[in-house]
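The block underneath contains the structure these notes are about, expressed in structure tokens.
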Amino acid sequence: MRPYIMACINERPSTRPSCAGRGSEGLANALETRLKQAGVAIEVRRIRCFGSCELGPNMRLAPGGSFFRHVDEAALDEIVEAARKALAETPADESSDDDNASEAETVPNPDFPPPF
């Protein structure tokens, strides 16, 4: 499966922490720009929640890759390099897009965000 990046954009109403409340949508947009500038052809998928709102903004290299917590502009270069490495390590027969094999869906999970 071709690697991709998941970025939480969940907005929680109230004063409770959320990734979107800490600028995750803008960070996802900035990450897409940096990936393109670096020539790293990897998709950024926006998702609703990792269940770690207090550690956000949160991103993850998928499938099965590193989590990035407390993401800010400075962390984006590290994420770009992790994405570059993941793509380089992907066998050629797995590097094509497979629309039927998605680990991340943008369908909200009714169990998240967890009650606090």
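Nothing in this text is a laboratory measurement; each read-out follows from the coordinates by a stated rule. This structure is a prediction, so every number in the text was calculated from the model and none was measured. Cβ atoms come from the backbone with ideal geometry, glycine included; neighbour counts cover every protein chain shown.
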Practice task
Would you tally the net charge around residue 79, using a Cβ to Cβ cut-off of less than 12 Å, leaving residue 79 out, and scoring K and R as +1, D and E as -1?
Solution key: -1
Handout entry: Vicinal HN-Hα couplings computed from phi for segment 19-26 (Karplus, 6.51 cos²θ - 1.76 cosθ + 1.60; Hz; Gly/Pro x)
Key = 5, 5, x, 10, x, 5, 5, x
Fill in the blank from the handout: Applied in sequence order to segment 32-43, the curve 6.51 cos²θ - 1.76 cosθ + 1.60 (Karplus, θ = phi - 60°) yields integer Hz couplings, x standing for Gly and Pro, of 4, 5, 5, 4, 5, 4, 7, x, 9, 8, 9, 7
Exercise for the section: Could you run the Karplus curve 6.51 cos²θ - 1.76 cosθ + 1.60 with θ = phi - 60° over segment 53-69 and give me ³J(HN,Hα) per residue in whole Hz, x for Gly and Pro? Expected result: 4, 5, 9, x, x, 10, 9, 8, 7, 10, x, x, x, 5, 8, 10, 10
Fill in the blank from the handout: A student applying the Cα gyration tensor rule (rounded when a/c is under 1.5; otherwise prolate if a/b is larger than b/c, oblate if not) would label segment 4-90 prolate
Exercise for the section: Sticking with the crude label model, points 7 Å out along Cα→Cβ, report the distance from residue 55 to residue 89 in nm, one decimal please. Expected result: 1.9
